[in-house]
Amino acid sequence: MRHSLASSRLPWLHRDVLDHIFEHGPLDRTLSNAALVCRYWTAPAQAALYHDVSFFPLDNRPRDLLLARTMRTCPHLRRYVRRLSLITLWTHSPTPELCDWISHLPAHCLREFHWTWIRGHILPSIISSPAIRTTTRIRLCGRLYTADKLQPILDLPCLESLSLELTGHEVGDIQPLGVTRLRHLHVYLLVEYGPVVDRLLSAVGPLLESLQVSRKLCFDSNKDQELVCAIETHCRGLTHLTISAPFKTDCSLPVVDRLAHRFRSLKHLCCSEGTYTANLFDALLPNLVTLELSLDGPTFSLESSLLEYLNLVRLGQRRLTTLVVTTKDIGCFKSISDACCTAGIIFREGVDDYRAG
């Protein structure tokens, strides 16, 4: 009888099992109810409920107002926030007052911080918050008018991965960094390459392991060459490189051919159509492990060069283990798929939603 009473006080499911169930299954409303079922469920249900928080303070939605009040009055819930997505409108607004709870999030709890602002600038009071200063991943979506607005982000001591938007027209300098953990950078060029990009890569490039450059428009050959030179000059230790840009038949920019030949430590390469030619496969170095290509369909020269490269893998002269082809015409790469199978390469084919649309 004594053993039966003791056993009845134990939870039916261990904490790690509950964490997995609540994190991957229920919706927010279900999690709120689950937290009330019993005391063994409360903490794991709350952890899942506040794991990923989206906050739009100027929309005056009851959900956002309730979230802000909860974070102010229930300090035990703050440690559960792992990913915070913040959307603000303009600098001179009630935002600082509505966002004051962010400064109370404990250090080292936040893993990702996404900030989208429509107008104005990023707010220093938020960047200086303990949780933001100790997060490892930050994504910024908004205009930085001057380079000095970026400096506090680059100086964050725990930052490992940064994604940001640049027009190329930002003025000002970027000061040399102290000790930094930044190893992964994604730059989205809204307009064109500009001096600020060179200054940014000069500051962080020597430490980078992965670089992703996305371009919305431009195709100015002079600007393209300046961008390639900046990457070559400052980012010599890259192991991951992604170059993506909208493709126009009459405005291709085959810069990846050149870059792939320069980076001897490159292991993962991803490039969109128009950023490379069939010559890429002659330039690829033996250490490459993963190759991702975006293309409309295999032209004769492209398919022939790729098949020759895959044959080198089959002969043990190259190390490629995974080939990913993104296209709008699924099923048109059977010869490439067969060659990958023969060479023991994982082949994946996906739909390019941008081009398919």
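Odds and ends about this structure:
- Shape class for the range 75-160, computed from the alpha carbon gyration tensor (a ≥ b ≥ c): oblate, with a/c not under 1.5 and a/b at or below b/c.
- Under 5 Å, built H, 5+ apart or other chain: amide partners of Gln212: Leu185, His186, Val187, Thr242
- Summarising the amide proton neighbourhood of Arg139: residues at separation of 5 or more, or on other chains, whose placed amide H is nearer than 5 Å comprise Phe113, His114, Trp115, Ser163.
- Förster-model FRET efficiency, 56 Å R0, Cys74 and Arg319, C-beta, rounded to 0.05: 0.60
- The accessible-area ordering, largest first, of the residues Val179, Val81 stands as Val179, Val81, per a 1.4 angstrom probe.
The values are calculated or read from the model by the stated rules, or taken from the named source; none is laboratory data. Every value quoted in this text rests on a predicted model; they were computed, and no experiment measured them. When we count neighbours, we look across all protein chains shown, and the Cβ atoms used for this are built from the backbone with ideal geometry, even at glycine. When the accessible area is computed, the model is the full protein with side chains, heavy atoms only, and any ligands, DNA or RNA have been set aside. Shrake-Rupley method; radii C 1.70, N 1.55, O 1.52, S 1.80 Å.
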